[in-house]
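Inspection log for the structure reproduced underneath, given as structure tokens.
Values quoted throughout were computed directly from the atomic coordinates according to the rules given, and no laboratory measurement underlies them. For clarity, every value in this text was computed on a predicted model and none was experimentally measured. When we count neighbours, we look across all protein chains shown, and the Cβ atoms used for this are built from the backbone with ideal geometry, even at glycine.
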Amino acid sequence: MKNEVSKNEIKSSNTKRQDSRDNNSSNSTGFRNPNNQNNSNRKPINPNYQWNQNYGYAEVFVRIPEQGYFSVELADQMISNNSGKYRFFDLQSGRMPISIYDNGYLIYRTTLNVRNNSRLVLDFFTNKGLYLLDSYPLQNGYYGFENWNDLWNNPYGNSGNNGNGNNPNVMDGQTFQQFISAMKKDAWFDDKKIAFINQQGRHAMFTSEQISILVKDLSFDKNRVILAKSLFSKCVDKQKYFIVGDAFDFESNRRDLMDFISKY
């Protein structure tokens, strides 16, 4: 009797296993039968809904006029090079984070607010942060390849004509010569010349070449350093400011100016 019961139990157990295998084989997922999913919890699809593909379009140009290998991360794009030029296209308009890395180390982070159909042009200095050079609408709504380098290659309006470019506050060659003549006529000593130049500088910008001429006209190197530092913020082509260093008699003063510029 015990053996007979045992055989019946074994037969019943084998039958249940086989039924379980048959049920699992009909389920391709191995976990649940997709045909038996409960669709009653699904939200109804709105037939009037249309996906908006137009998020806006914007561009951002960043220039880093310093030596080094930098990476600029803007939204979901990243550019790394040692040329100092970082151009971002196909950006959505609105607020977006920007991070700048020096040899892989994060040195700056902020948020830009980019308008639709516009291009931002910025300068970055490690000790000063971002500076807005210009913001203007894009032609025909997109890239504008015919003039996308206009401000980039001449970020301070320097495009020839004695470095005047399109900056109305920069004196042309003839006006600058008149300015020099007036200065020499009214100011004989360095302190008077510096005061005359700074007074004019309130309403005008200078090229690095013009500043070099003004600095050379002073008699003492210590005064040249003072003037060169005070006019740096008024220079429209700072990337050429190194030529002002040639106006000094002593190498120590030239290094002093270069150190000032690097920390500006």
Open item on the list: If I model a spin label at Lys85 and Asn113 as a point 7 Å from the Cα along the Cα→Cβ vector, what separation in nanometres do I get?
Closed with: 3.1 nm
Open item on the list: Can you give me the long-range amide H partners of Tyr108? Hydrogens built in the peptide plane at 1.01 Å from N, cutoff under 5 Å, separation of 5 or more residues or another chain.
Closed with: Ile100
TODO: Provide Rg over Rh for region 180-257; use the alpha carbon set for both Rg and the Kirkwood Rh (inverse mean inverse pair distance).
DONE: 0.93
